[in-house]
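Got a structure for you, written out below as structure tokens; questions coming shortly.
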Amino acid sequence: MRQATPRAKFSFLIHDVSRMRRTFFDQALKPLGITRAQWWALGNISRHADDGMIQTELAHILETGKVSVGGLIDRLEEAGLVYRAPDKVDRRVKRIFITDKGFDMLDHIAVVGEKLDSALFEGIPDEELAAAADVIARAKVNLRAALKAPPVAAPLPDKPVSKRTASKRRAAAAEMFAAE
């Protein structure tokens, strides 16, 4: 049986950890009445606190459409976490700014995040975290470069595979997807 490569294991683990961390975070923030999309938007808007952010920029960062982001901003505005103001140069453009209540929410989210990270990284030395962060940062640089010219997927085989080959492939896939 074919063993999963270190790269395959790393890829699956990083995906699983990311998904599980989001779920962990969502559960902790649910009592605050803020969704993942809302806190993610709020965090991104906070990076532009001085000049605000336009809806199309936020939609691009969140990888969603302008209409979806418009509804998200509406809900954040209704909650008193953000406000819209006309752009100083182009009055047709509205900029999104965070309110004091929004910054208070971000502060609270940061405290929750620190507590969650304590549980997540329990027993893992900072040196190992730094090394892992370095590997992930380099992989991110590689992904950005690769996204500029995405690879073409390999074509599917013309003929079906044998039962024995299919069984080996299922076993290899099961090993790659196995929880560590």
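Could you say which residue among 51, 104 is in contact (Cβ under 8 Å) with a residue 24 or more places away in the chain and open to solvent by 90 Å² or more (accessible area, probe 1.4 Å)?
Within the list 51, 104, the selection yields 51.
Also, I was wondering about something else. Out of the stretch 120-129, which residues are assigned to a helix (DSSP H, G or I) and either touching a residue at least 24 places away in the same chain (Cβ under 8 Å) or surrounded by 10 or more Cβ atoms within 10 Å (Cβ to Cβ) (or both)?
Within the stretch 120-129, 120, 128, 129 qualify.
Looking at 42, 29, 13 in this structure, which one is assigned to a helix (DSSP H, G or I), at pLDDT 90 or above, in contact with a strand residue (DSSP E or B) (Cβ under 9 Å, 6 or more places away or on another chain) and surrounded by 13 or more Cβ atoms within 10 Å (Cβ to Cβ)?
42 is the lone residue from the list that is assigned to a helix (DSSP H, G or I), at pLDDT 90 or above, in contact with a strand residue (DSSP E or B) (Cβ under 9 Å, 6 or more places away or on another chain) and surrounded by 13 or more Cβ atoms within 10 Å (Cβ to Cβ).
Here is a yes/no grid of residues against (1) at pLDDT below 90; (2) under 27 Å from residue 48 (Cβ atoms):
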position	(1), (2)
111	no, yes
114	no, yes
121	no, no
127	no, no
140	no, yes
144	yes, yes
152	yes, no
155	yes, no
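The values are calculated or read from the model by the stated rules, or taken from the named source; none is laboratory data. Only a predicted model underlies this, so the values are computations on that prediction, with no experimental measurement involved. Please note: Cβ atoms are built from the backbone with ideal geometry, for glycine as well, and neighbour counts cover all protein chains shown. Just the protein is used for accessible areas: all its heavy atoms, side chains included, with ligands, DNA and RNA removed. Shrake-Rupley method; radii C 1.70, N 1.55, O 1.52, S 1.80 Å.
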